[in-house]
Amino acid sequence: MSVSRRFLLVCTFLLVSIPVAAQTPELINNDSFRKDAQAAVDSIYNFNFDGADRVLASWKDQYPKHPLWTLLDGMEFWWHVLSDLQDTSQDEQFYNKMKKADYEARKLLQKQPSHADGLIIRAISNGYMARQFANREEWVTSLSYARKALKAYEYLLELEPDLDDLKLAEGLKLYYSAYLPEAYLIVKTVSWFLPQGDKQKGLDLIRQASEEAIFARAEATYFLGNINYHYEDDYQVALRNFEQLHSRYPNNNYYVRVLAKIYYEQKRYDKALSLIDKALERWEQQELPFEAVLKEELLSWKGSILRRQGRPKEALKSFENSFESSVSLPNSKQRSFYTRSGYWSGKILFDEGRKDEAKGYLKKVKKADSGASYRRKTENLLSKISD
């Protein structure tokens, strides 16, 4: 073989092999990774963050610079934020984590523009930021991040239309495009602007995502519950959705609080009391995080049930303990359960003729920044005490 030919073969080898070696693999399309990633995400949703790290340890060792790890770190921190939305002190740290995930995904996409992992990281990270800015009612900023998420999602949908995680977004789009013009006349006048909707197909896609998706499985189940409960009036199905979430993620304080509220609203008081007592015992015995947030809400619902059952002394104890939990948490005067439990503590004490004790709660509620209806009731009670 001539020197020139050997030189040409070496150059060809280098040109082919170097880019391949530098490429980041698409883990989302690896069946083994999908199984481990689903288990890791489940662990995160169940507040078993160390377990998630253990499941993915070998993948992280093999691909230490993959941006998926930054996204998962942000998803873990999301639960610190969502568990107590009244605490705004962690917002900036959460945004920074998701911005970092988005930045790393953009760098990956500069080298590999159709990389499935990079696109899904962009869609998820920007979607989470859009959701949190919406929680803070910063609508313009929320819309900006939602557009970024949608752009990544639409490109990925063209490349991999059968990817299970995309079925949640596609299902929501189909459902709400059909629902909104039916529910709101003002939307009907501009319905031409919306994509063609199909409520049943949308629900079917969300259901598929709730069974097969990696990152969006729990979120899809949660959206199914919300849609069935608030829009379809199918309370039995909604309850099964929320019960499934609690059963799958028993250490998730957010899901147990949602389920307790729905049991209360549906007047399933025995189920609600059983759920509340078991959850309170579980959090205390296992020293699970966000116990004060859990007690603040669950004890308030318990107080309301006991009051309706004609057990005012027990109800008062629950309301007072709920109020104490609120006081121990950040931004207590802005918390809805601070005003709710404070008012009912004062009301029960007032009904028992313990007006001085009632006044102590009611004066605090009057100075609160939330719960306008409870504050109005509080002022009426205080006027009666003063008369």
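The values are calculated or read from the model by the stated rules, or taken from the named source; none is laboratory data. Just so you know, these numbers come straight off a predicted model, no measurement behind them. Because the Cβ atoms are built from the backbone with ideal geometry, glycine has one as well, and the counts that use them run over all protein chains shown.
Details
- Answer residue from the stretch 359-368, given it is crowded, with 17+ Cβ neighbours inside 10 Å and within 25 Å of residue 86 (Cβ to Cβ) and is nearest to the chain's Cα centre (by Cα) among those: 368
The rows are residues; the columns are (1) free of Cβ contacts under 8 Å to residues at least 24 places away in the same chain; (2) part of a loop (DSSP other than H, G, I, E, B); (3) surrounded by 22 or more Cβ atoms within 10 Å (Cβ to Cβ).
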| site | (1), (2), (3) |
| --- | --- |
| 321 | no, no, no |
| 327 | yes, no, no |
| 339 | no, no, yes |
| 346 | no, no, yes |
| 349 | no, no, yes |
| 375 | no, no, no |
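- For residue 243, the requirement of being over 22 Å from residue 319 (Cα atoms), surrounded by fewer than 18 Cβ atoms within 10 Å (Cβ to Cβ) and over 14 Å from the mean Cα position of the chain (by Cα) is met.
- Considering residues of the stretch 139-172 that are buried (at least 18 other Cβ atoms within 10 Å of the Cβ) and aromatic (Phe, Trp, Tyr) only, the residue farthest from residue 216 (Cα to Cα): 145
- Within the stretch 96-146, being in contact (Cβ under 8 Å) with a residue 12 or more places away in the chain and part of a loop (DSSP other than H, G, I, E, B) holds for 112, 114, 115, 136.
- In this entry, residue 359 passes the filter for residues that are assigned to a helix (DSSP H, G or I) and at pLDDT below 95.
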